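Working notes, structure below.
The values are calculated or read from the model by the stated rules, or taken from the named source; none is laboratory data. These numbers come from a predicted model, not from an experiment. Backbone-built Cβ (ideal geometry, glycine too); neighbour counts: all protein chains shown. The protein model used for the area step is the full one, side chains on, heavy atoms only, and it has no ligands, DNA or RNA in it. Shrake-Rupley method; radii C 1.70, N 1.55, O 1.52, S 1.80 Å.
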Amino acid sequence: MSDEANPFESLQAQIDEAAEYLDIGDDVIERLKHPERVLETNLTIELDNGDLERFKAFRSQFNGDRGPYKGGIRYHPNVSRDEVKALSGWMTYKTSIVDIPLGGGKGGIIIDPAEYSEAELERLTRAFAKELTPMIGEDRDVPAPDVNTGQREMNWIKDTYETIENTTEPGVITGKALDSGGSEGRVEATGRSTVIAAREAFDYLDKDLEGATVAVQGYGNAGWIAAKLIDEMGATVVAASDSSGGIYNPDGFDPVAAKDHKNETGSVVGFAESEEEITNEDVLTLDVDLLIPAALENAIDADLAEDVKADVISEAANGPLTPAADEVLEDKDVFVIPDILANAGGVTVSYFEWVQNRQRFAWSEERVNEELEGVIVDAFDALVETYEEHDLDNPRTATYVVAIQRVADAFEEAGTWP
(Lines give C-alpha, C1' and ligand atoms only; values in the text may rest on other atoms or scores of the structure.)
Protein backbone atom coordinates (compact mmCIF):
# COMPACT_ATOMS: atom_id res chain seq x y z
CA MET A 1 0.00 0.00 0.00
CA SER A 2 1.22 3.47 -0.84
CA ASP A 3 1.37 5.86 2.12
CA GLU A 4 2.04 8.79 -0.21
CA ALA A 5 -1.11 8.71 -2.32
CA ASN A 6 -3.34 11.64 -1.33
CA PRO A 7 -7.00 10.61 -1.75
CA PHE A 8 -8.14 14.16 -2.52
CA GLU A 9 -5.57 14.46 -5.29
CA SER A 10 -6.73 11.07 -6.59
CA LEU A 11 -10.31 12.34 -6.76
CA GLN A 12 -9.24 15.48 -8.61
CA ALA A 13 -7.18 13.43 -11.08
CA GLN A 14 -10.21 11.26 -11.80
CA ILE A 15 -12.35 14.35 -12.45
CA ASP A 16 -9.72 15.87 -14.74
CA GLU A 17 -9.51 12.67 -16.78
CA ALA A 18 -13.26 12.52 -17.27
CA ALA A 19 -13.46 16.25 -18.07
CA GLU A 20 -11.54 15.65 -21.30
CA TYR A 21 -14.66 13.94 -22.68
CA LEU A 22 -17.16 16.56 -21.48
CA ASP A 23 -18.27 19.82 -23.03
CA ILE A 24 -18.07 21.66 -19.72
CA GLY A 25 -16.11 24.83 -19.07
CA ASP A 26 -12.89 24.67 -17.07
CA ASP A 27 -14.42 27.09 -14.56
CA VAL A 28 -17.29 24.71 -13.81
CA ILE A 29 -14.94 21.71 -13.62
CA GLU A 30 -12.77 23.63 -11.16
CA ARG A 31 -15.83 24.23 -8.99
CA LEU A 32 -16.69 20.53 -9.09
CA LYS A 33 -13.23 19.57 -7.81
CA HIS A 34 -13.53 21.27 -4.41
CA PRO A 35 -15.87 21.01 -1.39
CA GLU A 36 -18.28 23.83 -0.72
CA ARG A 37 -17.34 23.87 2.97
CA VAL A 38 -15.44 21.81 5.54
CA LEU A 39 -16.05 21.84 9.28
CA GLU A 40 -12.96 21.16 11.38
CA THR A 41 -13.69 20.93 15.09
CA ASN A 42 -12.03 19.82 18.31
CA LEU A 43 -14.14 17.67 20.61
CA THR A 44 -13.19 17.43 24.28
CA ILE A 45 -14.84 14.75 26.41
CA GLU A 46 -14.39 13.34 29.88
CA LEU A 47 -12.98 9.81 29.90
CA ASP A 48 -14.16 7.14 32.32
CA ASN A 49 -11.19 7.87 34.61
CA GLY A 50 -12.10 11.56 34.86
CA ASP A 51 -9.37 12.84 32.53
CA LEU A 52 -10.20 15.06 29.55
CA GLU A 53 -9.16 14.15 26.01
CA ARG A 54 -9.35 16.12 22.77
CA PHE A 55 -10.31 14.61 19.42
CA LYS A 56 -10.16 16.29 16.01
CA ALA A 57 -13.23 15.82 13.82
CA PHE A 58 -14.33 16.88 10.33
CA ARG A 59 -17.44 17.19 8.16
CA SER A 60 -17.06 18.01 4.48
CA GLN A 61 -20.04 19.16 2.43
CA PHE A 62 -18.74 18.75 -1.09
CA ASN A 63 -21.66 19.50 -3.38
CA GLY A 64 -25.40 20.04 -2.93
CA ASP A 65 -26.46 20.81 -6.50
CA ARG A 66 -28.60 17.67 -6.75
CA GLY A 67 -29.97 17.59 -3.21
CA PRO A 68 -29.02 17.48 0.49
CA TYR A 69 -25.45 16.46 1.29
CA LYS A 70 -25.20 12.74 2.00
CA GLY A 71 -22.39 10.66 3.40
CA GLY A 72 -21.01 8.61 6.24
CA ILE A 73 -19.06 9.31 9.42
CA ARG A 74 -15.98 7.19 10.12
CA TYR A 75 -13.95 6.65 13.28
CA HIS A 76 -10.34 5.79 12.40
CA PRO A 77 -6.80 6.86 13.37
CA ASN A 78 -6.02 7.79 9.75
CA VAL A 79 -8.92 10.19 9.27
CA SER A 80 -7.67 13.47 7.82
CA ARG A 81 -9.05 16.63 6.30
CA ASP A 82 -8.01 15.58 2.78
CA GLU A 83 -9.44 12.08 3.22
CA VAL A 84 -12.82 13.46 4.29
CA LYS A 85 -12.81 15.95 1.39
CA ALA A 86 -12.06 13.14 -1.06
CA LEU A 87 -14.72 10.85 0.36
CA SER A 88 -17.32 13.62 0.20
CA GLY A 89 -16.40 14.19 -3.45
CA TRP A 90 -16.68 10.51 -4.29
CA MET A 91 -20.08 10.54 -2.58
CA THR A 92 -21.20 13.44 -4.78
CA TYR A 93 -20.50 11.46 -7.93
CA LYS A 94 -21.76 8.23 -6.37
CA THR A 95 -25.22 9.67 -5.74
CA SER A 96 -25.12 11.11 -9.25
CA ILE A 97 -24.21 7.90 -11.10
CA VAL A 98 -27.08 6.04 -9.40
CA ASP A 99 -29.30 9.08 -10.10
CA ILE A 100 -30.71 9.71 -6.65
CA PRO A 101 -31.54 13.31 -5.58
CA LEU A 102 -28.77 13.80 -3.05
CA GLY A 103 -25.39 15.49 -2.94
CA GLY A 104 -22.15 14.44 -1.30
CA GLY A 105 -20.76 14.80 2.20
CA LYS A 106 -18.50 12.90 4.61
CA GLY A 107 -17.35 13.11 8.19
CA GLY A 108 -14.83 11.54 10.51
CA ILE A 109 -13.12 11.58 13.89
CA ILE A 110 -9.44 10.78 14.41
CA ILE A 111 -9.71 7.91 16.89
CA ASP A 112 -9.07 4.20 17.32
CA PRO A 113 -12.44 3.23 18.78
CA ALA A 114 -11.09 -0.10 20.03
CA GLU A 115 -9.18 1.80 22.72
CA TYR A 116 -12.26 3.42 24.25
CA SER A 117 -15.28 2.20 26.20
CA GLU A 118 -18.82 2.30 24.89
CA ALA A 119 -19.65 5.10 27.32
CA GLU A 120 -16.68 7.16 26.07
CA LEU A 121 -17.68 6.57 22.45
CA GLU A 122 -21.23 7.67 23.24
CA ARG A 123 -20.02 10.91 24.84
CA LEU A 124 -17.75 11.55 21.84
CA THR A 125 -20.51 10.79 19.32
CA ARG A 126 -22.97 13.07 21.09
CA ALA A 127 -20.34 15.83 21.29
CA PHE A 128 -19.84 15.55 17.53
CA ALA A 129 -23.60 15.48 16.96
CA LYS A 130 -23.90 18.74 18.93
CA GLU A 131 -21.32 20.37 16.63
CA LEU A 132 -23.08 18.98 13.55
CA THR A 133 -26.61 19.98 14.56
CA PRO A 134 -26.56 23.46 12.94
CA MET A 135 -25.50 22.01 9.59
CA ILE A 136 -27.41 18.71 9.34
CA GLY A 137 -31.09 17.95 8.80
CA GLU A 138 -33.22 15.93 6.41
CA ASP A 139 -33.23 18.82 3.90
CA ARG A 140 -29.64 19.92 4.52
CA ASP A 141 -27.14 17.15 5.27
CA VAL A 142 -27.92 13.51 6.10
CA PRO A 143 -25.03 11.53 7.69
CA ALA A 144 -24.77 7.74 7.77
CA PRO A 145 -22.43 5.00 9.06
CA ASP A 146 -18.96 4.36 7.67
CA VAL A 147 -15.77 2.69 8.89
CA ASN A 148 -16.08 1.72 12.59
CA THR A 149 -19.54 3.25 13.01
CA GLY A 150 -22.95 1.63 12.71
CA GLN A 151 -26.52 1.63 13.93
CA ARG A 152 -25.49 2.40 17.51
CA GLU A 153 -23.71 5.64 16.63
CA MET A 154 -26.45 6.70 14.21
CA ASN A 155 -29.08 6.20 16.92
CA TRP A 156 -27.03 8.39 19.29
CA ILE A 157 -26.71 11.14 16.68
CA LYS A 158 -30.44 11.02 15.91
CA ASP A 159 -31.33 11.26 19.60
CA THR A 160 -28.90 14.13 20.22
CA TYR A 161 -30.17 16.10 17.23
CA GLU A 162 -33.84 15.56 18.08
CA THR A 163 -33.21 16.49 21.73
CA ILE A 164 -31.41 19.73 20.85
CA GLU A 165 -33.94 20.69 18.17
CA ASN A 166 -36.91 19.51 20.26
CA THR A 167 -38.35 17.64 17.29
CA THR A 168 -38.89 14.21 15.76
CA GLU A 169 -36.88 13.92 12.56
CA PRO A 170 -35.77 10.34 11.82
CA GLY A 171 -34.66 11.38 8.32
CA VAL A 172 -31.81 13.45 9.77
CA ILE A 173 -29.59 10.38 9.59
CA THR A 174 -29.63 6.96 7.94
CA GLY A 175 -28.21 3.56 8.79
CA LYS A 176 -30.26 3.48 11.99
CA ALA A 177 -31.57 0.38 13.75
CA LEU A 178 -34.97 -0.78 12.50
CA ASP A 179 -36.80 0.24 15.67
CA SER A 180 -35.31 3.73 15.37
CA GLY A 181 -36.47 4.24 11.79
CA GLY A 182 -33.89 2.23 9.87
CA SER A 183 -34.57 0.38 6.64
CA GLU A 184 -34.73 -3.29 5.85
CA GLY A 185 -31.83 -4.30 3.60
CA ARG A 186 -29.50 -1.49 4.69
CA VAL A 187 -26.88 -3.71 6.37
CA GLU A 188 -26.39 -5.83 3.23
CA ALA A 189 -26.74 -3.00 0.72
CA THR A 190 -23.08 -2.16 0.00
CA GLY A 191 -22.05 -5.79 -0.44
CA ARG A 192 -25.18 -6.45 -2.50
CA SER A 193 -24.49 -3.65 -4.99
CA THR A 194 -20.86 -4.78 -5.28
CA VAL A 195 -21.93 -8.23 -6.48
CA ILE A 196 -24.83 -6.98 -8.65
CA ALA A 197 -22.32 -4.77 -10.47
CA ALA A 198 -19.88 -7.69 -10.75
CA ARG A 199 -22.63 -9.92 -12.16
CA GLU A 200 -23.49 -7.28 -14.77
CA ALA A 201 -19.81 -6.91 -15.70
CA PHE A 202 -19.39 -10.66 -16.14
CA ASP A 203 -22.47 -10.70 -18.36
CA TYR A 204 -21.18 -7.72 -20.38
CA LEU A 205 -17.78 -9.39 -20.83
CA ASP A 206 -19.47 -12.70 -21.72
CA LYS A 207 -17.84 -14.41 -18.74
CA ASP A 208 -19.49 -17.11 -16.62
CA LEU A 209 -19.98 -16.20 -12.97
CA GLU A 210 -20.85 -19.81 -12.12
CA GLY A 211 -17.66 -21.31 -10.71
CA ALA A 212 -15.68 -18.07 -11.03
CA THR A 213 -12.97 -17.66 -8.38
CA VAL A 214 -13.21 -14.70 -6.02
CA ALA A 215 -10.83 -13.03 -3.55
CA VAL A 216 -12.08 -10.51 -0.97
CA GLN A 217 -9.65 -8.09 0.67
CA GLY A 218 -11.27 -6.73 3.82
CA TYR A 219 -13.78 -8.90 5.67
CA GLY A 220 -15.88 -6.26 7.36
CA ASN A 221 -19.53 -5.68 6.63
CA ALA A 222 -19.22 -4.95 2.90
CA GLY A 223 -16.61 -7.64 2.28
CA TRP A 224 -18.24 -10.58 3.98
CA ILE A 225 -21.71 -9.75 2.65
CA ALA A 226 -20.26 -9.55 -0.87
CA ALA A 227 -18.57 -12.91 -0.31
CA LYS A 228 -21.81 -14.50 0.92
CA LEU A 229 -23.90 -13.15 -1.95
CA ILE A 230 -21.39 -13.97 -4.69
CA ASP A 231 -21.18 -17.50 -3.27
CA GLU A 232 -24.98 -17.74 -3.52
CA MET A 233 -24.70 -16.71 -7.20
CA GLY A 234 -22.49 -19.75 -7.84
CA ALA A 235 -19.03 -18.24 -7.64
CA THR A 236 -16.30 -19.75 -5.45
CA VAL A 237 -14.69 -17.61 -2.75
CA VAL A 238 -11.09 -18.83 -2.47
CA ALA A 239 -9.47 -16.08 -0.37
CA ALA A 240 -10.30 -13.42 2.20
CA SER A 241 -8.35 -11.13 4.49
CA ASP A 242 -8.66 -8.60 7.28
CA SER A 243 -6.15 -6.39 9.08
CA SER A 244 -4.56 -9.45 10.73
CA GLY A 245 -3.88 -11.41 7.55
CA GLY A 246 -5.53 -13.63 4.96
CA ILE A 247 -6.77 -17.15 4.27
CA TYR A 248 -6.69 -19.17 1.05
CA ASN A 249 -8.22 -22.40 -0.19
CA PRO A 250 -8.07 -23.01 -3.96
CA ASP A 251 -11.18 -25.20 -3.70
CA GLY A 252 -13.15 -22.48 -1.93
CA PHE A 253 -14.66 -22.17 1.54
CA ASP A 254 -17.92 -21.21 3.23
CA PRO A 255 -17.86 -17.39 3.54
CA VAL A 256 -20.49 -17.39 6.29
CA ALA A 257 -18.46 -19.87 8.38
CA ALA A 258 -15.42 -17.65 7.84
CA LYS A 259 -17.37 -14.69 9.19
CA ASP A 260 -18.50 -16.73 12.20
CA HIS A 261 -14.84 -17.56 12.89
CA LYS A 262 -13.93 -13.87 12.64
CA ASN A 263 -16.72 -12.97 15.07
CA GLU A 264 -15.41 -15.54 17.56
CA THR A 265 -11.69 -14.82 17.26
CA GLY A 266 -11.42 -11.30 15.84
CA SER A 267 -9.88 -12.39 12.54
CA VAL A 268 -10.36 -14.75 9.60
CA VAL A 269 -6.84 -16.04 10.29
CA GLY A 270 -6.96 -19.56 11.71
CA PHE A 271 -10.21 -20.48 9.97
CA ALA A 272 -10.45 -24.28 9.76
CA GLU A 273 -11.38 -24.38 6.06
CA SER A 274 -8.27 -22.43 5.07
CA GLU A 275 -5.46 -24.42 3.51
CA GLU A 276 -2.93 -21.62 3.71
CA GLU A 277 -2.45 -18.36 5.58
CA ILE A 278 -1.45 -15.51 3.28
CA THR A 279 -0.93 -11.75 3.47
CA ASN A 280 -3.28 -8.97 2.40
CA GLU A 281 -0.95 -8.33 -0.53
CA ASP A 282 -1.22 -11.97 -1.54
CA VAL A 283 -5.00 -11.72 -1.57
CA LEU A 284 -4.83 -8.71 -3.89
CA THR A 285 -2.51 -10.45 -6.34
CA LEU A 286 -4.06 -13.93 -6.56
CA ASP A 287 -4.90 -15.34 -9.99
CA VAL A 288 -8.69 -15.09 -9.65
CA ASP A 289 -11.59 -14.13 -11.90
CA LEU A 290 -12.93 -11.46 -9.53
CA LEU A 291 -11.19 -9.33 -6.91
CA ILE A 292 -13.23 -7.37 -4.37
CA PRO A 293 -11.16 -4.78 -2.45
CA ALA A 294 -13.34 -4.00 0.57
CA ALA A 295 -10.98 -2.29 3.04
CA LEU A 296 -9.60 1.27 2.92
CA GLU A 297 -8.44 3.59 0.15
CA ASN A 298 -5.09 3.24 -1.68
CA ALA A 299 -4.89 -0.54 -1.12
CA ILE A 300 -3.41 -1.02 -4.60
CA ASP A 301 -0.73 1.33 -5.90
CA ALA A 302 1.08 1.18 -9.23
CA ASP A 303 3.74 -1.26 -8.01
CA LEU A 304 1.22 -3.72 -6.59
CA ALA A 305 -1.01 -3.33 -9.67
CA GLU A 306 1.77 -4.86 -11.76
CA ASP A 307 1.16 -8.11 -9.87
CA VAL A 308 -2.66 -8.05 -9.96
CA LYS A 309 -3.96 -11.05 -11.92
CA ALA A 310 -7.73 -10.67 -11.52
CA ASP A 311 -9.82 -10.22 -14.66
CA VAL A 312 -12.49 -8.07 -12.99
CA ILE A 313 -12.30 -5.81 -9.94
CA SER A 314 -15.43 -4.61 -8.15
CA GLU A 315 -14.54 -1.90 -5.65
CA ALA A 316 -16.46 -2.37 -2.40
CA ALA A 317 -14.12 0.10 -0.67
CA ASN A 318 -13.82 3.80 -1.48
CA GLY A 319 -10.75 4.65 -3.54
CA PRO A 320 -8.91 1.32 -3.22
CA LEU A 321 -6.89 1.97 -6.40
CA THR A 322 -4.59 4.93 -6.91
CA PRO A 323 -4.78 6.74 -10.30
CA ALA A 324 -1.37 5.29 -11.15
CA ALA A 325 -2.67 1.79 -10.39
CA ASP A 326 -5.63 2.47 -12.69
CA GLU A 327 -3.23 3.17 -15.55
CA VAL A 328 -1.38 -0.09 -14.97
CA LEU A 329 -4.59 -2.13 -14.81
CA GLU A 330 -5.92 -0.40 -17.91
CA ASP A 331 -2.84 -1.58 -19.83
CA LYS A 332 -3.50 -5.09 -18.53
CA ASP A 333 -7.16 -4.98 -19.69
CA VAL A 334 -8.52 -5.49 -16.17
CA PHE A 335 -12.18 -4.42 -16.07
CA VAL A 336 -12.55 -2.21 -12.98
CA ILE A 337 -16.05 -1.42 -11.72
CA PRO A 338 -15.41 1.86 -9.89
CA ASP A 339 -16.32 2.40 -6.26
CA ILE A 340 -18.84 5.13 -6.99
CA LEU A 341 -20.98 2.53 -8.75
CA ALA A 342 -19.98 -0.79 -7.20
CA ASN A 343 -20.45 0.22 -3.56
CA ALA A 344 -23.32 2.65 -4.16
CA GLY A 345 -25.80 0.22 -2.59
CA GLY A 346 -25.17 1.74 0.83
CA VAL A 347 -26.13 5.27 -0.15
CA THR A 348 -28.95 4.03 -2.37
CA VAL A 349 -30.64 2.16 0.48
CA SER A 350 -29.85 5.11 2.75
CA TYR A 351 -31.83 7.16 0.25
CA PHE A 352 -34.65 4.61 0.49
CA GLU A 353 -34.48 4.92 4.30
CA TRP A 354 -34.66 8.73 4.03
CA VAL A 355 -37.70 8.44 1.75
CA GLN A 356 -39.40 6.00 4.15
CA ASN A 357 -38.67 8.29 7.12
CA ARG A 358 -40.23 11.25 5.35
CA GLN A 359 -43.27 9.22 4.33
CA ARG A 360 -43.51 7.60 7.80
CA PHE A 361 -43.96 4.35 5.90
CA ALA A 362 -41.74 1.26 5.94
CA TRP A 363 -40.86 -0.87 2.88
CA SER A 364 -40.36 -4.62 2.94
CA GLU A 365 -36.87 -6.06 2.47
CA GLU A 366 -38.07 -7.58 -0.79
CA ARG A 367 -39.06 -4.15 -2.12
CA VAL A 368 -35.78 -2.57 -0.97
CA ASN A 369 -33.70 -5.24 -2.71
CA GLU A 370 -35.81 -5.08 -5.85
CA GLU A 371 -35.50 -1.29 -6.05
CA LEU A 372 -31.74 -1.51 -5.40
CA GLU A 373 -31.33 -4.07 -8.17
CA GLY A 374 -32.99 -1.72 -10.66
CA VAL A 375 -30.88 1.27 -9.62
CA ILE A 376 -27.54 -0.56 -9.92
CA VAL A 377 -28.43 -2.25 -13.22
CA ASP A 378 -29.53 1.09 -14.71
CA ALA A 379 -26.30 2.73 -13.52
CA PHE A 380 -24.19 -0.04 -15.03
CA ASP A 381 -26.08 0.30 -18.32
CA ALA A 382 -25.33 4.06 -18.32
CA LEU A 383 -21.65 3.26 -17.71
CA VAL A 384 -21.54 0.81 -20.64
CA GLU A 385 -23.37 3.17 -22.99
CA THR A 386 -20.89 5.99 -22.30
CA TYR A 387 -17.91 3.60 -22.30
CA GLU A 388 -18.78 2.44 -25.81
CA GLU A 389 -20.05 5.77 -27.17
CA HIS A 390 -16.78 7.58 -26.36
CA ASP A 391 -14.58 4.50 -26.92
CA LEU A 392 -13.06 5.10 -23.49
CA ASP A 393 -10.04 3.31 -22.11
CA ASN A 394 -11.58 2.30 -18.78
CA PRO A 395 -14.96 2.03 -17.04
CA ARG A 396 -14.01 4.49 -14.28
CA THR A 397 -13.70 7.38 -16.72
CA ALA A 398 -17.05 6.43 -18.26
CA THR A 399 -18.68 6.47 -14.84
CA TYR A 400 -17.29 9.90 -14.00
CA VAL A 401 -18.34 11.26 -17.40
CA VAL A 402 -21.95 10.32 -16.62
CA ALA A 403 -21.84 11.49 -13.00
CA ILE A 404 -20.07 14.81 -13.58
CA GLN A 405 -22.38 15.70 -16.45
CA ARG A 406 -25.43 15.24 -14.22
CA VAL A 407 -24.00 17.41 -11.44
CA ALA A 408 -22.90 20.08 -13.92
CA ASP A 409 -26.36 20.08 -15.53
CA ALA A 410 -28.02 20.61 -12.14
CA PHE A 411 -25.63 23.47 -11.33
CA GLU A 412 -26.12 25.21 -14.67
CA GLU A 413 -29.90 24.76 -14.63
CA ALA A 414 -30.05 26.45 -11.21
CA GLY A 415 -27.95 29.41 -12.34
CA THR A 416 -25.30 31.24 -10.35
CA TRP A 417 -26.22 33.30 -7.33
CA PRO A 418 -25.23 35.91 -6.31
Query raised in the report: Dividing the Cα radius of gyration by the Kirkwood radius, what Rg/Rh value follows for the range 187-232?
Result: 0.97
Query raised in the report: the range 1-57: D in µm²/s via Stokes-Einstein (Kirkwood Rh, Cα pairs, 20 °C, 1.002 mPa s)?
Result: 143
**Report entry** Within the range 267-291, backbone nitrogen closer than 18 Å to the virtual label 7 Å beyond the Cα of D251 toward Cβ
**Finding:** 271-277
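Can you give the FRET efficiency to the nearest 0.05 for M233 and K130, using r as the Cβ-Cβ distance and R₀ = 35 Å?
For M233 and K130, the calculated efficiency is 0.20.
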Requested in this report: Give, as a single signed number, the net charge of other residues whose beta carbon lies under 12 Å from the beta carbon of S364, with Lys and Arg counted +1 and Asp and Glu -1.
Outcome: -4
**Report entry** Stokes-Einstein diffusion coefficient of the range 307-363, Kirkwood radius over Cα pairs, 20 °C, 1.002 mPa s, in µm²/s
**Finding:** 161
Query raised in the report: Bin by bin, in steps of 10 Å, what percent of the Cα pairs in the range 40-89 do you find, going until the bin that has the longest distance?
Result: 22, 42, 25, 10, 2
Query raised in the report: On the first, second and third principal axes, largest extent first, how far apart are the outermost C-alpha atoms of the range 1-159 in Å?
Result: 59, 37, 22
Requested in this report: In whole Hz, with x marking every Gly and Pro, tabulate ³J(HN,Hα) for the range 398-408 from phi via Karplus 6.51 cos²θ - 1.76 cosθ + 1.60, θ = phi - 60°.
Outcome: 4, 5, 5, 4, 5, 5, 5, 4, 5, 5, 4
Query raised in the report: What's the center-to-center distance, using Cα atoms, between the range 352-418 and the range 252-312 in Å?
Result: 29
Query raised in the report: What nm distance separates the two modelled labels at E9 and E115, each placed 7 Å from Cα along Cα→Cβ?
Result: 2.8
Query raised in the report: Computed FRET efficiency, Cβ-Cβ of K309 and I164, R0 41 Å: what is it to the nearest 0.05?
Result: 0.20
Query raised in the report: With every protein chain present, what accessible area does H76 have (1.4 Å probe, heavy atoms only), rounded to the nearest 10 Å²?
Result: 40
Report summary line: For the range 81-166, the Cα gyration tensor yields equivalent-ellipsoid semi-axes (√(5λ), largest first, whole Å) of 23, 17, 11
**Report entry** Calculated [θ] (222 nm, deg cm²/dmol) that DSSP helices of n ≥ 4 give over the chain, each run adding -39,500 (n - 2.57)
**Finding:** -14000 deg cm²/dmol
Query raised in the report: Can you tell which of I73, I29, I340 shows the greatest fluctuation in a Gaussian network model of the chain with Cα springs below 10 Å?
Result: I29
Report task. State the percent of C-alpha pairs, over all pairs in the chain, separated by a distance greater than 38 angstrom. Result -> 16
Requested in this report: Pull out the extension gain between R54 and E365, defined as 0.36 nm times the separation in residues minus the alpha carbon to alpha carbon distance; nm, one decimal.
Outcome: 107.9 nm
Query raised in the report: Label-point separation (nm) for S244 and V355, each offset 7 Å from Cα along Cα-to-Cβ?
Result: 4.1
Query raised in the report: Given just the C-alpha atoms of the range 306-418, how large is their convex hull per residue in cubic angstrom?
Result: 149
Requested in this report: With springs connecting C-alpha atoms under 10 Å apart, model the chain as a Gaussian network and identify which of G266, G191, G252 has the largest mean-square fluctuation.
Outcome: G266
**Report entry** Cα-centre dipole for the chain with unit charges at Cβ (Lys and Arg positive, Asp and Glu negative), debye to 20
**Finding:** 2020
Report task. For the chain, set up a Gaussian network in which alpha carbons nearer than 10 Å are linked by springs, and say which option among N155, N221, N42 fluctuates the most. Result -> N42
Query - Theoretical gain in end-to-end length, D203 to D179 [0.36 nm per residue, Cα-Cα removed] - result: 4.8 nm
Query raised in the report: Between D26 and D287, what is the FRET efficiency for a Förster distance of 45 Å, r being their Cβ-Cβ separation, to the nearest 0.05?
Result: 0.55
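Could you compute how fast the range 113-236 diffuses translationally, taking Rh as the Kirkwood radius over C-alpha pairs and applying Stokes-Einstein at 37 °C with viscosity 0.692 mPa s? Give it in µm² per second. Intermediate results must be reported in sequence, preceding the final value.
On the way: Rh = 16.6 Å.
Estimated via Stokes-Einstein, D reaches 198 µm²/s.
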